[in-house]
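Following: one structure in structure tokens, then a few remarks.
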Amino acid sequence: NGFADYGAGIYYTNSNAALSNLKVIDNTTSFYGGGLYLQWSNPNIDNLFIQNNSAQRGGGITCYANSSPTLKNISISANSSTHSGGGIWLNNNCNPSLLNVAITNNSTGVDGGGGMNINSSTPTLTNVTISGNTSDTPGGGFQLSGTNCHITLVNSMMWNNSPQEIYFDETSTADSIDISYSNVAGGQDSIATNDNGTITWGSGNIDVDPRFVDEENGNYHLLASSMLIN
């Protein structure tokens, strides 16, 4: 529990040190990365619980300036930002890999991206749940902004993010997203490209109620009756 200008919970710069098995809760920063801040760093980060952190940008996590961590088995929940990226903010050529990550119930303000705000970066998401995130401006789940953003989304879920699941900023250029074997609320029509981006709608995508065990209380496991199993 702390307060700092950057990375109030955990701060990385020029470091690839592995990190695992921690709870990062109730931290506040006046600028970037309430829970976790990475700059010029590419660590393996496993089994973290990041909750109730706040920042101007990147309430839960900020990846900044050529940081490409591997984020595995992580819960990013109930974090907030005043400007962008309630859950995660990526900026300036960051290419993280997310595996088995839940980005849920985060919120942001004026610049969008309740779950993630992606600026000139190329994340890869596999087995990721993005649900219940909100933004005061467009981009409840994702907002793509800047130049040459590219998301790869595989075997993942986007559900109940407001006001949109995915939003391409009007001023962004050459941005794109590849989606396959994923459940996206509203299907391809839920992605607001503003005629300013490219969607590759691959095989295996569906649009069905995922049937979470208890979404209101943060349990995003699937009921046995869910059509997403197998």
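The values are calculated or read from the model by the stated rules, or taken from the named source; none is laboratory data. None of these values were measured; they are calculated from a predicted model. With ideal geometry, Cβ positions are generated from the backbone for all residues, glycine too; neighbour counts draw on all protein chains shown. Only protein heavy atoms, including side chains, enter the accessible area calculation; ligands, DNA and RNA are left aside. Shrake-Rupley method; radii C 1.70, N 1.55, O 1.52, S 1.80 Å.
Before moving on, here are some points about what is shown:
- Spin-label pair N205/N73, simplified geometry with 7 Å Cα→Cβ offset, distance in nm: 3.1 nm
- Annotation: per residue accessible area for the chain equals 40 Å², rounded to a whole number [probe 1.4 Å, protein chains only].
- Under 5 Å from the amide H of F31 lie the amide H atoms of Q56, each residue being 5 or more positions distant or on a separate chain, with H modelled from the backbone and absent for Pro and chain starts.
- Residues whose amide H falls under 5 Å from that of S182, counting only those 5 or more places apart or on a different chain, are N155, S156, N205, I206, with hydrogens built in the peptide plane.
- Whole-Hz couplings from phi, Karplus 6.51/-1.76/1.60, listed for the range 118-130; x for Gly and Pro: 10, 10, 6, 9, 9, x, 10, 10, 10, 6, 10, 9, 10
- Most mobile of D46, D169, D209 in a GNM of the chain (Cα contacts under 10 Å): D209
- With a cut-off of 13 Å between beta carbons, the residues surrounding S182 carry a summed charge of -3, where Lys and Arg count +1 and Asp and Glu -1.
- Distant-in-sequence amide H partners of S172 (H built 1.01 Å from N, under 5 Å): G146
- Annotation: extensible slack from A65 through I25 equals 12.0 nm (criterion: 0.36 nm per residue apart, minus Cα-Cα distance).
- Distance from the range 159-217 to the range 95-113 (C-alpha centre basis), Å: 13 Å
- The chain - Cys residues lacking any other Cys C-beta under 4.7 Å: C149
- Shape call, the range 66-219: gyration tensor on alpha carbons, a/c limit 1.5: rounded
- For the chain, a Gaussian network of Cα nodes joined below 10 Å ranks Q143, Q164, Q188 by mean-square fluctuation, and the top entry is Q188.
- Fraction of accessible area attributable to carbon and sulfur, the chain (%, probe 1.4 Å): 44 percent
- Each residue of the range 214-220 is assigned a 3J(HN,Hα), and the resulting list reads 7, 4, 4, 10, x, 9, 9 Hz, derived from the Karplus form 6.51 cos²θ - 1.76 cosθ + 1.60 (θ = phi - 60°), x at Gly and Pro.
- Comparing T200, T29, T62 in a Gaussian network model of the chain, where Cα atoms under 10 Å apart are tied by springs, the biggest mean-square fluctuation is seen for T200.
- Residue-wise HN-Hα coupling along the range 15-25, computed from phi with Karplus coefficients 6.51, -1.76, 1.60 (Hz; x: Gly, Pro): 9, 10, 5, 5, 9, 7, 6, 9, 10, 10, 10
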